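Visitor: Once you've had a glance at the structure underneath, I'll fire off some questions.
We did not get these values from a lab; they are worked out from the coordinates using the rules stated. Treat the numbers as computed from the prediction; the structure is a model and nothing was measured. Positions of Cβ are generated from backbone atoms using ideal geometry, with glycine treated the same way; all protein chains shown enter the neighbour counts.
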Amino acid sequence: MIKVDAVDKMNEEERLKYMLLLLKGQVGSEKDVLANISNVTAIIKACVEDLNWAGFYLMKNGDLVLGPFQGLPACNRIEIGKGVCGTAIEEGKTQLVPDVHLFPGHIACDSASNSELVVPIIKKGKAYGVLDLDSPVKGRFKELHRVYFEKLVEILNQYTDWEKVTE
Ligand code: SME
C-alpha cells in the first residue's frame, strides 16, 4: 500500500522526488500498460498540488485518444498539431504553458485550467502519446516540473511496452 501522508510536510522538489520513488515502486513490478499509467495518474495527483487534471492521451490510428486520467471528463480525441497536446507530438518536445489563454489553438476541456504541462511519450523515435497536466494556477509549472515529469516519462518508458496497450 502506498503512503502519501508524507508529502504534506515536503517542499515542491521533495514532492517531485517522492513521486518518482512511488512511480518506480509501482511500475517496476507490473508490465500492463493500462495498470501502470492509471497508477501514474493517481501518484501524480497524490504528490502534486494545484492540479485540476492529470492524465494520458495515447496515439491510436494517427490521433491522440483519451486514456486514464484524474479530473473532469475531457475531450476524447486530439489531432496531431492541434492544442497543446497535439503540438507536443508534432514538435516532439515538452510544452510548458504558463498561461493557456495565450497559447494559440489551446483546447479548453476544463474551464478551470489556466496553465499546462504536456510531455510527449517517445520511445525509440516513435510517439506513443502524451502526459498532460493542467492547473487552475497561472504559471504553476516551472522548469523544475519539466525536468521531473520528463524523468517520469523516461522511467515509465523503461518499463512499458507501449505496443502491447491492448493485450
Ligand atoms: N488542453 C489540452 C487538451 C486536453 S485537456 O487539457 C485535458 C490541449 O490544448 O491539447
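Visitor: If each residue of separation counts as 0.36 nm, what is the full-extension length gain between Arg146 and Phe103 once their alpha-carbon separation is subtracted?
Guide: Computed gain between Arg146 and Phe103 is 13.7 nm.
Visitor: Run through region 55-140 and list the trypsin sites (Lys or Arg not before Pro) located in a DSSP loop whose Cβ has at most 11 other Cβ atoms within 10 Å.
Guide: Lys124
Visitor: Past 24 Å, Cα to Cα, is the threshold; run Lys93/Lys124; Lys9/Lys45; Lys60/Lys164; Lys45/Lys126 against it and keep the listed order.
Guide: Going by Cα-Cα distance, Lys45/Lys126 fall outside the 24 Å limit.
Visitor: Using 0.36 nm per residue of separation minus the Cα-Cα distance, give me the extension gain between Glu154 and Lys126 in nm, one decimal.
Guide: Going from the current span to full extension adds 8.7 nm.
Visitor: I've got another one for you. Select from Gly83, Val33, Pro68 the residue farthest towards the positive end of the dipole of region 5-166; place +1 on Cβ of Lys and Arg, -1 on Cβ of Asp and Glu, and compute about the Cα centre.
Guide: So the residue we want is Val33.
Visitor: Can you compute the helix-only [θ] at 222 nm over the chain? Use -39500 (n - 2.57) per DSSP H run of at least 4 residues, normalise by all residues, nearest 500 deg cm²/dmol.
Guide: -11000 deg cm²/dmol
Visitor: Given region 95-138, report the % of alpha carbon pairs whose separation exceeds 17 Å.
Guide: The proportion of pairs with Cα distances above 17 Å equals 34 percent.
Visitor: Translational diffusion coefficient of region 1-69 at 20 °C, 1.002 mPa s, Stokes-Einstein with Kirkwood Rh over Cα pairs, in µm²/s as a whole number.
Guide: Using the Kirkwood radius from Cα pairs, D works out to 164 µm²/s.
Visitor: Mind pulling the per residue volume of the convex hull built on the Cα atoms of region 1-130? Å³ is fine.
Guide: Considering the Cα atoms of region 1-130, their hull volume per residue is 120 Å³.
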